[in-house]
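The values are calculated or read from the model by the stated rules, or taken from the named source; none is laboratory data. No experiment lies behind these values; they were computed from the predicted model shown. Note: ideal-geometry Cβ built from the backbone for every residue, glycine included; neighbour counts use all protein chains shown. The protein model used for the area step is the full one, side chains on, heavy atoms only, and it has no ligands, DNA or RNA in it. Shrake-Rupley method; radii C 1.70, N 1.55, O 1.52, S 1.80 Å.
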Amino acid sequence: MNTISVDHKNTKMIAHRGVSGLEMENTVAAFVAAGNRSYYGIETDVHVTRDKQIAVVHDDNTSRVSGVNALVEESSLEELQSIPLYDKVPGSYRTDLRIPVLTDYINICKKYDKKAILELKNRMSPEDIGLIINKIKALDYLNGVIFISFSWDNLIDVKRLEPGQKAQFLTGNCDDELIRKLVENKLDLDIHYQGLSKELLDTLHENNIEVNCWTVDNKEEAERLVSWGVDYLTSNILE
C-alpha cells in the first residue's frame, strides 16, 4: 500500500482526513501515515461533544465509520471513544482505531512539522471556537493551523478572536461577491476542484487570495490544477 505520486511543483499537498486512502479516515493511524510522508499539511474535522470535548470525526453521526449510529454532538467523549471504528472495510476492526480528540491531532501535526488544516464542522458557538483556539494555544501551535469551514460565521469568529489567523472558506463555487467578501475579511478560499477555472484562479490570485482545492484523487486532474498554479491541493491518496 502506498500513495500515488504527483508532480506537484510548488503546490502544497494536504492529506485529506490524514492519508485516508490508506488508513481509516480521521484516526491517529491516518495522521501518523501523513506525518511520515512528504505532505505539507494534514486536514481533519472537529465537532464539539455534549460534554464540551473536541472530537475528531467528519460526519454528524458515527454510523458510516463504525456501524454504530451515535450522534456526535449529542454524545459524550467517553461514549464516542467506546465505539470501535472500521479498519477501512465495514465489519473489520482494529483495536487501535478510535475517535481521537483535537489535542491528539495537533500533537501529531506538531511532532511531524505539518500544517494542521482544521475544519470546524457545523455552526459552532463563539465560546466553542474560543475553546478550540485556547486548546491549540496551550500546545503552542496556533501558528501551525489553518482553519477551514463551510460556515462563514465560524471563520468570522476565528478572525475576531485571532485577526491574523489563516483561514479558508469552504465552498463548491465562487463569484465576484464572494471574492469581495473574502478580501474584506482577509480570508482565503478552499474550493471544490470542479468549481475552479484557470480564469477564476487568476482573479483570486490578483486579489491576494490563496486557493486550496478539495478533494482531488485523480493524478491527471491534480497535475492540471498544479499547472494552473493552485496554492494547495487536498487529496485522500495523492502525494
In Å², nearest 10: area of Thr215 left accessible to a 1.4 Å probe: 30
Surface accessible to a 1.4 Å probe, Val28 within the full protein complex, Å²: 60
Antiparallel %, DSSP beta bridges [both residues in the chain], to 5: 20
Virtual spin-label span in nm between Thr95 and Asn208, 7 Å along Cα→Cβ: 5.5
From phi via Karplus (6.51, -1.76, 1.60), per-residue ³J(HN,Hα) for the range 216-233 in Hz, x at Gly/Pro: 9, 10, 9, 4, 5, 4, 4, 5, 5, 5, 4, 5, 6, x, 4, 7, 9, 9
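In nm, what is the difference between 0.36 nm times the number of residues separating Asp7 and Asn173 and their Cα-Cα distance?
57.2 nm
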Equivalent ellipsoid semi-axes - Cα gyration tensor, the range 39-135, angstrom: 21, 18, 11
Relative contact order [Cα under 8 Å, 6+ residues apart], the chain, whole percent: 22
Å² of accessible area per residue within the chain, as computed with a 1.4 Å probe and no ligands counted: 44
Two-decimal log10 I(q)/I(0) for the range 64-215, as the Debye equation yields it once each C-alpha is a single scatterer, q = 0.10, 0.17, 0.18 Å⁻¹: -0.44, -1.09, -1.16
D_trans [Stokes-Einstein, Kirkwood Rh over alpha-carbon pairs] for the range 21-73, 10 °C, 1.306 mPa s, µm² s⁻¹: 130
Fully extended contour minus Cα-Cα distance, from Glu199 to Glu78, at 0.36 nm per residue: 38.7 nm
Extension gain, Leu139 back to Lys186 (0.36 nm per residue minus Cα-Cα distance, nm): 14.4 nm
Exposure of Asp104 as accessible area (Å², to 10), given a probe of 1.4 Å and all protein chains: 60
